Amino acid sequence: MTRTLLCIAALALSACATQPAPYGPATRAGAQGYTDQAIESGRYRVGYRALSALDAQTGALRRAAELTLAEGGDWFQIVSAYSETEPGRGPSSSVSIGGGTGGRRSGVGVGVGIGFPVGGDQSGASEHVIEIVTGDGATPDDPDIYDARSVLETAIF
């Protein structure tokens, strides 16, 4: 019986852990995934929302590379970028005191709860937004310019 209860408790805890969404478009505002907007021919605003800042940056770069290749380009330049991270639900602690009586007896109890993260990082979701300009031909030597094919070959998604 105890083993069964432990298994049920473990399953319940694992169901509560937030899992990253697979790479793809955001299905609604505030959801994980990418968004993009054509500003003009060869210029886009690309955003990616994920559970970590690194995943948000990687997702935005991957989507920029996909748009570049879809347009027939070879490289893209990041002309502006910013990131936003929501406040997380970090661990918390609590102390509680309770008492009770029953017949001729009474009792007082003190409980201490110490929070710890379950399922990894408990920071808030991050969104990374870049504005890109696409180009074709040889990739210029500039730290803000990325070869689209190389980005897709090394993307971790």
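A compact table of results
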{"item": "Accessible surface ranking that places the most exposed of 145, 130, 156 first, with a 1.4 angstrom probe", "result": "156, 145, 130"}
{"item": "Label point 7 Å beyond Cα of residue 41 along Cβ direction - residues of region 134-149 with amide nitrogen under 19 Å", "result": "134-137"}
{"item": "Accessible area of residue 27 in the full protein assembly, 1.4 Å probe (Å², nearest 10)", "result": "120 Å²"}
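The values are calculated or read from the model by the stated rules, or taken from the named source; none is laboratory data. This one's a predicted model, so the numbers in the text were calculated from it and none came from an experiment. All Cβ positions, even for glycine, are placed from backbone atoms using ideal geometry, and neighbour counts span all protein chains on display. Calculation scope for accessible area: heavy atoms of the full protein, side chains included, ligands and nucleic acids excluded. Shrake-Rupley method; radii C 1.70, N 1.55, O 1.52, S 1.80 Å.
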